[in-house]
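The next block holds one structure in the form of structure tokens; read it before the comments.
None of the figures in this text is laboratory data; all of them are computed from the coordinates on show. Keep in mind that what you see is a predicted model, and the values were worked out from it rather than measured. Cβ sites come from the backbone with ideal geometry, for glycine too, and all protein chains shown count toward neighbours.
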Amino acid sequence: MCDYDEPVYLISVVAKLLNIHPQTLRQYEREELIIPSRTEGKMRLYSQRNIDKIKMILRLTRDLGVNLAGVDIILRLKSKIEDLEAKVEITTAELVKIKNNGTIPLDKSIVTKKSIYEIVIFED
């Protein structure tokens with residue numbers, strides 16, 4: 001069994017598996033929507049993660065009519081959302097830990113500094 005990120009599929013295999021032309025895969029690579037690994041001989045190798053991403057691209061373009069520029073934006077936003085969800089999960093776990101301990105570690109404490117500004121207006 002291969003790892004999800006292990007590059008194992010040649011472009012011809014992926015094209016046949018997804019019923020698309022190899023040029024479509026090359027176009028996705030030119031648009032930087034998908035970045036397959038390369039062998040020393042410069043052959044493209046796709047992982048299962050790459051294939052799943054290509055399936056998403058095909059759903060967006062074929063089923064929803066999104067152009068490649070729109071696909072790029074959607075994929076970038078999806079990636080940012082996943083990153084933020086991971087950060088929220090970590091922060092939530094830290095908050096639960098802090099709540100259970102009853103104290104906030106010094107490296108996690110927040111100190112705010114309030115500044116007071118006076119505005120003086122002179123009238124002529």
When residues of region 19-48 are limited to those that are out of contact with any helix residue (DSSP H, G or I) (no Cβ under 7 Å at 6 or more places or on another chain) and under 20 Å from S79 (Cα atoms), the one surrounded by the most Cβ atoms within 10 Å (Cβ to Cβ): S47
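Given the residues A15, A93, A86, A69, which is the only one that is exposed (fewer than 10 other Cβ atoms within 10 Å of the Cβ), free of Cβ contacts under 8 Å to residues at least 40 places away in the same chain, of a type in the set (A, V, I, L, M, F, W, C) and assigned to a helix (DSSP H, G or I)?
A69
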